[in-house]
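K.L.:
Could you have a look at this structure, given as structure tokens, before my questions?
Since every read-out is calculated from the coordinates, none of them should be taken as a lab result. Note that this is a predicted model, so its numbers are computed, not measured. Here the Cβ positions follow ideal geometry from the backbone for every residue, glycine too, while neighbour counts run over all protein chains shown.
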Amino acid sequence: MATIRVDWTQDPVSLHCEVAEPLVRLFAMLRQQHGLKKRSIPMPDRDNGGFIAFIYAPIDPRALAKAIEEVA
């Protein structure tokens with residue numbers, strides 16, 4: 001099971017995961033349930049390994065945490 005980590009200190013907020021697929025599923029869920037459209041595609045994280053993606057729109061931290069639990 002891959003773990004998605006959220007970095008709230010960055011602007012925009014970044015999401016990190018060992019593999020890209022959980023991030024893809026997470027963004028699909030956030031789009032369907034919360035209408036989230038402003039985000040990047042998952043891309044290789046050259047600094048830390050794994051994959052990174054960004055959210056460019058405000059999102060409720062509780063909604064994001066719940067979505068992460070559901071895709072994990």
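K.L.:
Cβ under 14 Å from PHE51's Cβ, PHE51 left aside: what net charge do those residues give with Lys, Arg +1 and Asp, Glu -1?
P.N.:
-1
K.L.:
Across segment 55-62, in residue order, what do the Karplus-derived ³J(HN,Hα) couplings come to in whole Hz, using 6.51 cos²θ - 1.76 cosθ + 1.60 with θ = phi - 60° and x for Gly and Pro?
P.N.:
For segment 55-62, the Karplus-derived couplings read 10, 9, 10, x, 9, 5, x, 5 Hz, x marking Gly and Pro.
K.L.:
Let me know the charge dipole size of the chain about its Cα centre in debye, to the nearest 20, where only the beta-carbon of Lys, Arg (+1) and Asp, Glu (-1) is charged.
P.N.:
I would put it at about 300 debye.
K.L.:
Can you pull out the trypsin sites (Lys or Arg not before Pro) in segment 22-68 whose DSSP state is coil and whose Cβ has at most 13 other Cβ atoms within 10 Å? Working shown, then result.
P.N.:
Values: sites: ARG25, ARG31, LYS37, LYS38, ARG39, ARG46, ARG62, LYS66; in loops: LYS37, LYS38, ARG46.
Those satisfying the criteria are LYS37, LYS38, ARG46.
K.L.:
Further question: Give me, ordered by chain and number, the residues 5 or more places off PHE51 or on other chains with an amide H under 5 Å from its own placed amide H.
P.N.:
Placed amide hydrogens put CYS17, GLU18, VAL19, ASP45 under 5 Å from PHE51.
K.L.:
Using amide H atoms built 1.01 Å from N in the peptide plane, name the residues 5+ places from ARG39, or on other chains, whose amide H lies under 5 Å from its own.
P.N.:
Amide H neighbours of ARG39, under 5 Å, 5+ apart: TYR56.
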